[in-house]
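The values are calculated or read from the model by the stated rules, or taken from the named source; none is laboratory data. Because the structure is predicted, anything quoted here is derived from the model rather than measured. Note that each Cβ is placed from the backbone with ideal geometry, even for glycine, and that neighbours are counted across all protein chains shown. The area values use the complete protein model at the heavy-atom level, side chains included, leaving out ligands, DNA and RNA. Shrake-Rupley method; radii C 1.70, N 1.55, O 1.52, S 1.80 Å.
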Amino acid sequence: MLDFFTIFSKGGLVLWCFQGVSDSCTGPVNALIRSVLLQERGGNNSFTHEALTLKYKLDNQFELVFVVGFQKILTLTYVDKLIDDVHRLFRDKYRTEIQQQSALSLLNGTFDFQDDFLRLLREAEETSKIRAPTTMKKFEDSEKAKKPVRSMIETRGEKPKEKAKNSKKNKGAKKESSDGPLVTNKAVPAEKSGLPVGPENGVELSKEELIRRKREEFIQKHGRGMEKSSKSMKSDAPKEKGKKAPRVWALGGCANKEVLDYSTPTTNGAPEVAPPEDINLIRGSGPGGQLQDLDCSSSDDEGAAQNATKPSATKGTLGGMFGMLKGLVGSKSLSRADMESVLDKMRDHLIAKNVAADIAVQLCESVANKLEGKVMGTFSTVTSTVKQALQESLVQILQPQRRVDMLRDIMDAQRHQRPYVVTFCGVNGVGKSTNLAKISFWLLENGFSVLIAACDTFRAGAVEQLRTHTRRLSALHPPESHGGRTMVQLFEKGYGKDAAGIAMEAIAFARNQGFDVVLVDTAGRMQDNAPLMTALAKLITVNTPDLVLFVGEALVGNEAVDQLVKFNRALADHSMAQTPRLIDGIVLTKFDTIDDKVGAAISMTYITSKPIVFVGTGQTYCDLRSLNAKAVVAALMKA
């Protein structure tokens, strides 16, 4: 039983609607528009919203959307056929009204489609009932039952008879092919056959033809031997043995051993304190309080652009004209067959750029659904159209529905006289502590005080690492520069303690001391470790942070999808709250190590619909960027 069936234009005008069991279809359809159609996630033609399953079909030629909704516990086999039949009949019946493509004509048009829809629904339900259920195949009907039992018995050390016969036949065929040409039943001319040529066979040849025949037979007999001898002569060539003399570099040698000594200088057994100018080296260059956009361009791109601007002298005028006109569609609607080869190349290109394979397939499928049936211009190529549609989809994916503005949220928390709490989570070794220090520096540059909570009580050296970062950040922002106010402080309770309890005490301490932001560092954990994921869900549920950031590295491909899906699933499964708290944003680290293979950003954003808040691009505190969607997509589409 259907809940509803609606037909509306891509401009938002509802042309016709059928109400079944459900009272209203507004909520599910709006969720479909927000989460799928506007976010370019049309790779799958189904969408689940609460207790309903929505299936939809796009008509790109007339800019229409057909949506049917039913309970997800039901298995309705006729829904796909019903959508196709309704789409075909509605388009053919109201073609003139739809082709005018104006909102006023659609509003004034009368789409009396109720009787036709009920007829199609009745036919679809009847065809699903008429279809006979599939019966299981009996053993008597199988090929195995026709064989005798003796033929299926195999003893150890003996090959089956069929395999032995086949191997003997293959060996005999190989011998025949090596000794001479195979004899066939087909009639072969006398000259091409291997039979002797002479008057006894009824064929008389001249003296010149006999000489040519003898020469060909001689080449056939001795040609292989000559080739083998030439190969053996090449293989017998003496090889140079012995190790070559090592290369001596101009700047080599061990004269300056003291230059390689990076140990800490000591004075009377105590380490020297680094001067302020050495501490400033870790700050980096650039404005720390302002996040710069991510730049994915490189010197190779500039050189390629310069080479592209130079005209090629080898190409002729006619070749350039035919190359320009090649692949033009010419005012016709696109079909799947037209886009198949281009989409295959695009999919392989995305996978090569580190996009997860499943997501690359879904992206290409979404582009195909978006362009199928769309009428092309006269001078538009399939490749350029598909590439442009894919670029628009990627930019839309990298700009999700909710944007995280930390500075605005922190100022809002200040008005309510409470600290703004951020929790960092992720797998081992992705750079959570390092990027936490970078974000701390960014917040300090914007005038906010920061309390760092050391809740990684598992990894050896985790607290000492944060203590070092706190000391260096305090040197960059001493209390003397802020009227005696401590701008950054570490809250730690050592190792082996409950992380959720430490975070709770840190938040209470920050509220009492007047800190603006609390950054909670957690232990790295694999997504399959159930006890550690339960502890993380407990920490988030008990302390209810304002922002949960997942820290992932840009080097991963398919692993990014697995990490994010299982982290979100574990947080939902192990949470004690009725509405579990999931990941709110992503911190993408090690972005300076991947060149133009930026596919991890697409994979992470696509799978979670959450924004990439920060991008780590280096080792200094200033190496923090905001994501530039167009720059990332340009690097992704670069050949």
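In table form, for the structure just shown:
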item	result
Candidates 510, 506, 523, 500 - the one that is over 19 Å from residue 563 (Cα atoms), outside any strand (DSSP E or B) and in contact with a Phe, Trp or Tyr (Cβ under 6 Å, 6 or more places away or on another chain)	506
Residues satisfying the stated conditions in region 47-64, i.e. in contact with a Leu (Cβ under 6 Å, 6 or more places away or on another chain) and within 16 Å of residue 8 (Cα to Cα)	54
Qualifying residue in region 533-547 (condition: more than 18 Å from residue 423 (Cα to Cα), outside any loop (DSSP other than H, G, I, E, B) and at pLDDT 85 or above)	no
Search result, residues across region 332-348 that are touching a residue at least 24 places away in the same chain (Cβ under 8 Å) and surrounded by 12 or more Cβ atoms within 10 Å (Cβ to Cβ)	333, 334, 335, 336, 338, 339, 342, 343, 346
Filter pass, residue 609 being open to solvent by less than 20 Å² (accessible area, probe 1.4 Å), under 18 Å from the mean Cα position of the chain (by Cα) and of a type in the set (S, T, N, Q)	no
Region 84-100 - residue that is among the β-branched types (Val, Ile, Thr) and open to solvent by less than 10 Å² (accessible area, probe 1.4 Å) and, of those, nearest to residue 53 (Cα to Cα)	86
Residue match in region 29-38 (condition: in a loop (DSSP other than H, G, I, E, B) and either buried (at least 17 other Cβ atoms within 10 Å of the Cβ) or charged (D, E, K, R) (or both))	no
Cross-chain or 6+ apart pairs with Cβ under 7 Å, region 554-574 first and open to solvent by 70 Å² or more (accessible area, probe 1.4 Å), then not in a helix (DSSP H, G or I)	555/590; 555/594; 558/356
Residues that are in a strand (DSSP E or B) and either open to solvent by 40 Å² or more (accessible area, probe 1.4 Å) or within 22 Å of residue 358 (Cα to Cα) (or both), drawn from region 55-75	55, 56, 57, 58, 71
Cβ pairs under 8 Å, 6+ apart, first in region 499-518 and without any contact (Cβ under 8 Å) to a residue 60 or more places away in the chain, second β-branched (Val, Ile, Thr)	499/457; 499/522; 500/542; 502/457; 504/542; 506/518; 506/520
Some residue of region 625-639 being open to solvent by less than 10 Å² (accessible area, probe 1.4 Å), aliphatic (A, V, I, L, M) and under 30 Å from residue 469 (Cα atoms)	no
Yes/no for residue 569 being farther than 22 Å from residue 619 by Cβ and assigned by the TED database to the domain that holds residue 604	yes
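Every residue, every condition in (1) assigned by the TED database to the domain that holds residue 582; (2) open to solvent by 10 Å² or more (accessible area, probe 1.4 Å); (3) in contact (Cβ under 8 Å) with a residue 24 or more places away in the chain, yes or no:
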residue	(1), (2), (3)
411	yes, yes, no
414	yes, yes, yes
431	yes, yes, yes
443	yes, no, yes
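Residue-wise test of (1) among the basic types (Lys, Arg); (2) touching a Leu at 6+ places or on another chain (Cβ under 8 Å); (3) under 22 Å from residue 357 (Cα atoms).
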| site | (1), (2), (3) |
| --- | --- |
| 560 | no, no, yes |
| 567 | no, no, yes |
| 581 | yes, yes, no |
| 594 | no, yes, yes |
| 606 | no, yes, yes |
| 611 | no, yes, yes |
| 622 | no, no, no |
| 626 | no, yes, no |
| 633 | no, yes, yes |
